[in-house]
Structure formats: C-alpha cells, structure tokens
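The values are calculated or read from the model by the stated rules, or taken from the named source; none is laboratory data. Worth saying up front: this structure is predicted, and the values here are computed from it rather than measured. Every residue, glycine as well, gets a Cβ built from its backbone with ideal geometry; the counts of neighbours run over all protein chains shown. Note: accessible area is taken over every heavy atom of the protein model, side chains too, but ligands, DNA and RNA are not part of it. Shrake-Rupley method; radii C 1.70, N 1.55, O 1.52, S 1.80 Å.
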Amino acid sequence: MAPKNALYPGSFDPVTSGHINIIERGAQLFDEVVVAVAVNSAKKPLFTIEERVDLLKASLTHLTNVKVVSFDGLLVDYLKNNDLHFVIRGLRAISDFEYEFQIAHLNKRLDKEMDTVFMMTSEEYFYVSSSIVRELASFGGDIHGLVPRPVEEALIKKFKKIG
Ligand code: PNS
C-alpha cells in the first residue's frame, strides 16, 4: 500500500504550541506530514519565510516523519505537483469553521483528488493563535508555553530589536 502522506499548510507567523500539537497528532495518523509555510499568505509577516521555516524545523526535531517546506501560489498546485492528497487543518472554535469550510470546498473543486482532514485543537491551546502571540510578545507579555522554546527566544529578540 502506498504511504499516506499529508500536507499541513499555514502562515506559521510564528508557529505556536497549538500548531505543534496538531503536527504531533497528525504525525501519528499519517506516514509523513509535510508542514508547508505559505510565502504570500500574510501581507506583512513578522517573520520572513526563511525564519518561519527555520523556527518550525527547530521546534520539530523530536518528530522523524515530519518535514518542513515553503510554497508559493495555490495550495492545490503544490498538492498536485507533489502527489499529495490530504490536507490537515486545525479547528479551534466555531469562528474558524466558516472560513475553513469555504476553503476546503474551494480546494476540492480545484482538485477532486484531495481531501481536507480537520483536527480539533487540544483544549489547552484552543485560544492560542499566531496573532495573539505576536501581540502579547510586542507588549512584553509572558508567552511561555504558548509557543515552542525557539519561537519564544526569537520573539523576545525580534521585539527587542523593533522596540
Ligand atoms: O495559517 P493560515 O493563515 O490560516 O493559512 C492559510 C493558508 C496559507 C493555508 C491559505 O491561505 C492557503 O492555502 N494559501 C495558498 C493560496 C491558496 O491556495 N488559497 C486558497 C484558494 S483561494
């Protein structure tokens, strides 16, 4: 049987503990999880694409069946070009659902051979988002535990430089 691989796409600006939790659980469901950082998803990201990829790699050293890539353009094109058929998306609250539902159907329309697999974010992280973490860090708030260690250090450094 062919290995079942999945793509976990996102902006990851930066990766949070909620994302890591989804990746860890996804890596138990699939033979390989490809974490794909979107180059153009946010207009003005805090971290460059290289920084976001490096922070993910540094935060995922404990998982052997996970790799980190970046992609530009449409998600479905990356799927087709890399013979991938499953997309993992995390769902935190009902408020995520409408957008995710829309995108999942749109992607399916563009690529009939793909499917989106939704995973519920663990309850301890359901309120954590990259934007909340960025805001908290910008005001010097405590982000310990909300993000993996390498991200915590990078955020503190980034806002020391900016501030
Ligand atoms: O972490 P995010 O910001 O929720 O991730 C959104 C992302 C990057 C997965 C989504 O914007 C995406 O797939 N972007 C690539 C372009 C694309 O295919 N868009 C969907 C059809 S318009």
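For region 67-117, trypsin sites (Lys or Arg not before Pro) meeting the loop criterion (DSSP other than H, G, I, E, B) and having at most 13 other Cβ atoms within 10 Å: Lys112. Note on region 5-162: antiparallel DSSP beta bridges, both residues inside, total approximately 0 percent of the bridges counted. Which entries in Lys44/Lys108; Lys4/Lys112; Lys43/Lys112 show an alpha-carbon gap greater than 19 Å? Beyond 19 Å between Cα atoms: Lys44/Lys108; Lys43/Lys112.
Per-atom-type breakdown for the chain gives carbon and sulfur 55% of the accessible area (1.4 Å probe, protein chains only).
Per residue, region 5-162 exposes an accessible area of 57 Å² to a 1.4 Å probe, with every protein chain left in place. Remark: the Cα gyration tensor places region 13-110 in the rounded category, a/c being less than 1.5. Of Phe126, Phe86, the order by accessible heavy-atom surface (1.4 Å probe, DNA, RNA and ligands excluded), from most exposed downward, is Phe126, Phe86. When the chymotrypsin sites (Phe, Trp or Tyr not before Pro) in region 1-73 are filtered for DSSP coil states and for at most 15 other beta-carbon atoms within 10 Å of their beta-carbon, no site remains. As I understand it, the value is the acute angle between the Cα axis of helix 49-59 and the longest principal axis of the Cα atoms of the chain; what does it come to in degrees, rounded to 10? The two axes meet at around 90 degrees.
Among the trypsin sites (Lys or Arg not before Pro) in region 1-52, those located in a DSSP loop and surrounded by at most 15 other Cβ atoms within 10 Å of their own Cβ are Lys4, Lys43.
Against the chain, whose longest principal axis is taken from its Cα atoms, helix 94-110 shows a tilt of about 40°.
The solvent-accessible area of Tyr127, taken with every protein chain present and a 1.4 Å probe, is close to 120 Å². Partner aspartates and glutamates whose Cα lies under 16 Å from the Cα of Lys67, excluding those fewer than 8 positions away in the same chain, are identified as Glu24, Asp31, Glu32, Glu50, Glu51, Asp54, Asp83.
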